[in-house]
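Here the structure is laid out as structure tokens; the discussion comes afterwards.
Please treat every number below as a calculation from the coordinates, not as lab data. All figures in this text were calculated on a predicted structure; none of them were measured in a lab. Glycine gets a Cβ as well: all are built from the backbone with ideal geometry, and neighbour counts include every protein chain shown.
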Amino acid sequence: MNKLAALTFASNGEINEEVASWVLANLTRSQLKAYLSALRREMRRRRVYVAMSGGKESEVGGAIGERYPGRELALYRDDGLGAGVKVSAGDDIMDASVKGYLHELLEEISKA
């Protein structure tokens, strides 16, 4: 199902209508559920989520875009971070926020 989900996207990131039509016409209900799960994973793999508490989106987006070329950036504001930025790209998570720093600090204190 993972390969079929990857084939669903054209090289430009758009949905390939032929593949989508074939999927709807040929897969059973249980297969469609597995396909949709694989499709969600593929969409997350192709997108980089960037949460920031302020700053200039164009500067942050440009820097992150260089790190993850060819992937769609989903920029959004999260004032709960305190300051800084948090980037989620599939299994990679980079937290450079005040909230993340304080969370790590509290974990270290509780272990001591």
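Quick one: work out the % antiparallel among DSSP beta bridges in the stretch 47-111, nearest 5. About 60 percent, rounded to the nearest 5. Multiplying the residue separation of GLU17 and ASP78 by 0.36 nm and subtracting their alpha-carbon distance yields 18.5 nm.
Could you calculate the contour length gain from ASP91 to ARG45, that is, 0.36 nm times the residue separation minus the distance between their Cα atoms, to one decimal place in nm?
Result: 15.7 nm gained on full extension.
With a Förster radius of 22 Å applied to the C-beta separation of ARG29 and ASN2, the computed FRET efficiency comes to 0.70.
Shown for TYR76, TYR49: other C-beta atoms within 10 Å of each C-beta, ranked fewest to most, produce the order TYR76, TYR49.
Got the relative contact order for the chain handy, in percent, Cα pairs under 8 Å and 6 or more residues apart?
Averaging sequence separation for qualifying contacts and normalising by length gives 22 percent for the chain.
Shape class of the stretch 10-84 from the Cα gyration tensor (axes a ≥ b ≥ c, square roots of the eigenvalues): prolate, since a/c reaches 1.5 or more and a/b is larger than b/c.
Where a ≥ b ≥ c are the square roots of the eigenvalues of the C-alpha gyration tensor, would you call the stretch 2-44 rounded, which needs a/c under 1.5, or, failing that, prolate if a/b is larger than b/c, or oblate? Oblate, because a/c is 1.5 or more while a/b does not exceed b/c. DSSP bridge analysis restricted to the chain gives an antiparallel fraction near 65%, rounded to the nearest 5.
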